[in-house]
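Below is one structure, written out as structure tokens; comments come after it.
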Amino acid sequence: MRLIPREEKFFIMLKKISENVVIGAKKLEDLVKDYENVEQKAKEILETEHEGDILTHEIIEALNKTFVTPFDREDIYSLVGRLDDIIDYIEAVTDKLLLYKIKKPTKEVVRMAQIIVESTEEVNKAIVGLKDLKHPRRILDHCIEINRLENEGDKVSREILAKLFETATDAIEAIKWKEIYEHLEMATDKCEDVADIIEGVVVKYA
Amino acid sequence: MRLIPREEKFFIMLKKISENVVIGAKKLEDLVKDYENVEQKAKEILETEHEGDILTHEIIEALNKTFVTPFDREDIYSLVGRLDDIIDYIEAVTDKLLLYKIKKPTKEVVRMAQIIVESTEEVNKAIVGLKDLKHPRRILDHCIEINRLENEGDKVSREILAKLFETATDAIEAIKWKEIYEHLEMATDKCEDVADIIEGVVVKYA
Amino acid sequence: MRLIPREEKFFIMLKKISENVVIGAKKLEDLVKDYENVEQKAKEILETEHEGDILTHEIIEALNKTFVTPFDREDIYSLVGRLDDIIDYIEAVTDKLLLYKIKKPTKEVVRMAQIIVESTEEVNKAIVGLKDLKHPRRILDHCIEINRLENEGDKVSREILAKLFETATDAIEAIKWKEIYEHLEMATDKCEDVADIIEGVVVKYA
């Protein structure tokens with residue numbers, strides 16, 4: 001049997017990390033949908049990001065101390081790094097909304113936040129699936145869905161950016177929104193990076 | 001003998017990938033030189049980029065399944081990743097030309113595209129050279145040329161950006177062009193990253 | 001004993017690289033504090049960056065040829081890569097000051113340069129400390145200080161960016177300053193990346 005109890009903890013820790021990313025995504029969705037108490041909500045997203053940092057630190061410390069891992073050590077490092085990137089971009093969006101004193105998120109921001117929620121949920125399911133590499137099909141289906149969501153996010157952000165640059169009269173406003181859309185899109189890109197790593201693990205071990 | 005037939009396929013696959021990057025670079029050069037049927041030409045560059053994704057996927061799958069590789073597995077991963085970055089930046093330039101509804105590329109854009117063609121051709125030659133590590137000098141000469149081209153691209157893009165920021169009256173236009181020049185320069189940067197990885201392989205095995 | 005004489009050279013080389021980064025940081029601080037002979041000072045920073053490239057090249061060549069290393073080969077690669085990033089961002093700031101024909105750096109730019117000097121000095125101390133992994137506490141204290149400085153840099157750059165976007169009337173000026181502050185902040189971010197890698201090494205070997 002590939003998995004020994006001691007390694008079990010990696011799955012528990014990975015799951016915790018990906019669940020924390022989903023929590024952050026949902027908080028972002030709530031923030032942009034219901035744009036009230038922005039500072040308080042932003043603070044909570046920052047706390048979720050800090051929680052992610054602590055979890056990341058823990059798993060890396062465990063990795064550095066454990067010599068047997070359920071799958072390639074470098075894949076775990078990469079997974080953890082990309083999961084951390086997702087929550088970092090989620091927090092960065094929040095930060096920009098505050099920093100640029102955005103009055104009201106556009107409907108495209110709301111749509112992107114929804115895509116990020118869906119995508120992080122698929123990421124979480126794919127990661128939970130890693131525990132059972134004998135059923136690779138299920139894992140790969142989540143990866144395919146993550147790719148589809150990334151494409152959709154890409155389409156939304158490209159269209160709104162094209163519109164923004166055609167109609168903008170205030171360049172400073174255009175810079176602000178461009179950065180916000182780009183950060184939102186980066187979050188979905190990082191979900192796709194996670195899917196790519198998971199696919200690699202599946203190919204190696206399934 | 002270091003190379004066994006089974007590993008031969010890595011060289012064939014690597015060569016295919018780097019040839020595909022050259023194809024993408026040439027399509028970009030054609031697009032910006034002869035700025036007609038822009039949407040159709042952009043579509044073809046996107047197809048070349050997709051082709052690159054498929055080739056990348058294939059080599060990574062093969063890597064994950066093969067235990068003996070002609071040189072360090074991580075170097076192959078890095079090479080493939082950076083080659084993919086080159087074609088991604090080429091496609092991103094095309095995308096921005098369309099997205100920002102650019103009427104006509106400047107002569108600096110054309111010059112940068114030419115540099116990218118030359119650089120990707122050198123990348124392709126260096127990669128083909130990897131099959132014959134007993135002649136490291138030839139491989140390294142291509143790497144030196146890639147570095148020279150990156151410096152030239154850097155100079156072109158720095159000068160045009162300085163000019164742009166001195167003379168621009170329309171900030172939105174400045175943002176658009178800045179992004180296009182930066183993406184063009186990133187393509188040459190990624191060629192240099194490939195050269196660095198190849199130099200590392202040469203030092204290790206030659 | 002873990003360290004054999006042949007490996008000693010890695011510490012000497014790493015120390016040289018991190019000292020070179022401190023030199024670059026101090027030159028940047030001098031440039032922005034005493035904004036005279038800007039072109040000459042910028043040229044010297046570029047030379048420091050080139051010196052860093054040569055040192056990086058040497059250590060990577062040595063790494064590729066040596067099979068026994070004092071700690072994980074990949075950690076040394078990562079360390080060297082991030083140290084190179086720090087000096088690259090320092091040089092990039094200089095480059096932007098010239099490129100954008102900045103008349104006078106703001107007091108926030110000076111503050112950020114000071115933070116970068118302090119942070120690179122801590123980086124250097126932490127790297128020197130790696131030779132003596134039996135005293136991990138000292139090394140980790142430097143890492144904590146690097147994290148504190150990164151937070152401070154983050155705070156300075158966020159506040160000035162918020163102010164900039166609130167008060168800017170000239171969007172092109174806003175773009176220029178935004179890029180300069182972001183590059184300054186990236187230098188402190190890369191110091192933090194170095195601290196993270198060092199913490200990992202300490203956990204593994206101490």
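On the stretch given as region A:33-83, residues that are polar (S, T, N, Q) and touching a Phe, Trp or Tyr at 6+ places or on another chain (Cβ under 7 Å) total 1.
Return yes or no: is A:GLU185 modelled with pLDDT of 95 or more, surrounded by 20 or more Cβ atoms within 10 Å (Cβ to Cβ) and closer than 22 Å to B:LEU97 by Cβ? Yes; evaluated as a whole, the condition is true for this residue. Set side by side, the residues A:LYS204, A:LYS176, A:LYS190 differ, and just one is under 29 Å from C:LYS176 (Cα atoms) and within 12 Å of another protein chain (Cβ to nearest Cβ), which is A:LYS176. Criterion applied to C:ILE180, C:ILE146, C:ILE175 was being farther than 24 Å from A:GLU173 by Cβ, crowded, with 20+ Cβ neighbours inside 10 Å and modelled with pLDDT of 90 or more, and the one residue passing it is C:ILE146.
Checked against the criteria, B:LYS43 counts as more than 23 Å from B:ASP193 (Cα to Cα) and in a helix (DSSP H, G or I). Is there a residue in region C:92-112 that is of a type outside the set (Lys, Arg), free of Cβ contacts under 8 Å to residues at least 12 places away in the same chain and away from chain B (no Cβ under 14 Å)? Among the residues of region C:92-112, not one is of a type outside the set (Lys, Arg), free of Cβ contacts under 8 Å to residues at least 12 places away in the same chain and away from chain B (no Cβ under 14 Å), which makes the answer no.
Just the residues that are assigned to a loop (DSSP other than H, G, I, E, B) and at pLDDT 95 or above, please, taken from region B:82-102. Scanning region B:82-102 gives a single hit, B:ILE102. Are any of the residues in region B:132-139 among the basic types (Lys, Arg), surrounded by fewer than 16 Cβ atoms within 10 Å (Cβ to Cβ) and either at pLDDT 95 or above or part of a loop (DSSP other than H, G, I, E, B) (or both)? Checked region B:132-139: at least one residue is among the basic types (Lys, Arg), surrounded by fewer than 16 Cβ atoms within 10 Å (Cβ to Cβ) and either at pLDDT 95 or above or part of a loop (DSSP other than H, G, I, E, B) (or both).
Quick check on region C:85-96. Is at least one of its residues more than 20 Å from C:VAL123 (Cβ to Cβ) and surrounded by fewer than 16 Cβ atoms within 10 Å (Cβ to Cβ)? Scanning region C:85-96, I find no residue that is more than 20 Å from C:VAL123 (Cβ to Cβ) and surrounded by fewer than 16 Cβ atoms within 10 Å (Cβ to Cβ), so the answer is no. Picking from residues in region A:149-164 that are in contact (Cβ under 8 Å) with a residue 12 or more places away in the chain and among the hydrophobic types (A, V, I, L, M, F, W, C), the one that is surrounded by the fewest Cβ atoms within 10 Å (Cβ to Cβ) is A:LEU164.
Kindly establish whether A:LEU79 is assigned to a helix (DSSP H, G or I), in contact with a Leu (Cβ under 8 Å, 6 or more places away or on another chain), more than 30 Å from C:CYS143 (Cα to Cα) and touching a residue at least 12 places away in the same chain (Cβ under 8 Å). When the stated conditions are applied, A:LEU79 does not pass them. Going by the structure shown, is B:VAL117 touching a residue at least 60 places away in the same chain (Cβ under 8 Å), surrounded by 15 or more Cβ atoms within 10 Å (Cβ to Cβ), out of contact with any strand residue (DSSP E or B) (no Cβ under 8 Å at 6 or more places or on another chain) and not acidic (Asp, Glu)? So B:VAL117 fits the description; yes. Given the criteria farther than 22 Å from A:LYS178 by Cβ and of a type in the set (Ser, Thr, Tyr), does A:TYR100 qualify? It is false that A:TYR100 is farther than 22 Å from A:LYS178 by Cβ and of a type in the set (Ser, Thr, Tyr). Given the structure, is B:ASN124 surrounded by fewer than 19 Cβ atoms within 10 Å (Cβ to Cβ) and in a helix (DSSP H, G or I)? So B:ASN124 fails the test. In region B:99-154, the qualifying residues are those that are touching a helix residue (DSSP H, G or I) at 6+ places or on another chain (Cβ under 6 Å) and hydroxyl-bearing (Ser, Thr, Tyr), and the one that is nearest to B:ASN20 (Cα to Cα) is B:THR120. Assess whether B:SER157 counts as being within 11 Å of chain C (Cβ to nearest Cβ), in a helix (DSSP H, G or I) and touching a helix residue (DSSP H, G or I) at 6+ places or on another chain (Cβ under 6 Å). Yes; evaluated as a whole, the condition is true for this residue. When A:ARG138 is tested against (1) under 27 Å from B:GLU173 (Cα atoms); (2) of a type in the set (D, E, K, R); (3) in contact with a Gly (Cβ under 6 Å, 6 or more places away or on another chain), just one condition goes unmet, and that condition is (1). Screening C:THR169 on (1) within 9 Å of another protein chain (Cβ to nearest Cβ); (2) in a helix (DSSP H, G or I) shows it passes everything except condition (2). Looking across region C:50-74, the residues that are part of a helix (DSSP H, G or I), buried (at least 19 other Cβ atoms within 10 Å of the Cβ) and more than 13 Å from chain B (Cβ to nearest Cβ) come down to C:GLY52, C:LEU55.
The values are calculated or read from the model by the stated rules, or taken from the named source; none is laboratory data. Nothing here was measured: the structure is a model prediction, and the numbers come from that model. Counting neighbours? That spans all protein chains shown, and the Cβs are built from the backbone with ideal geometry, glycine included.
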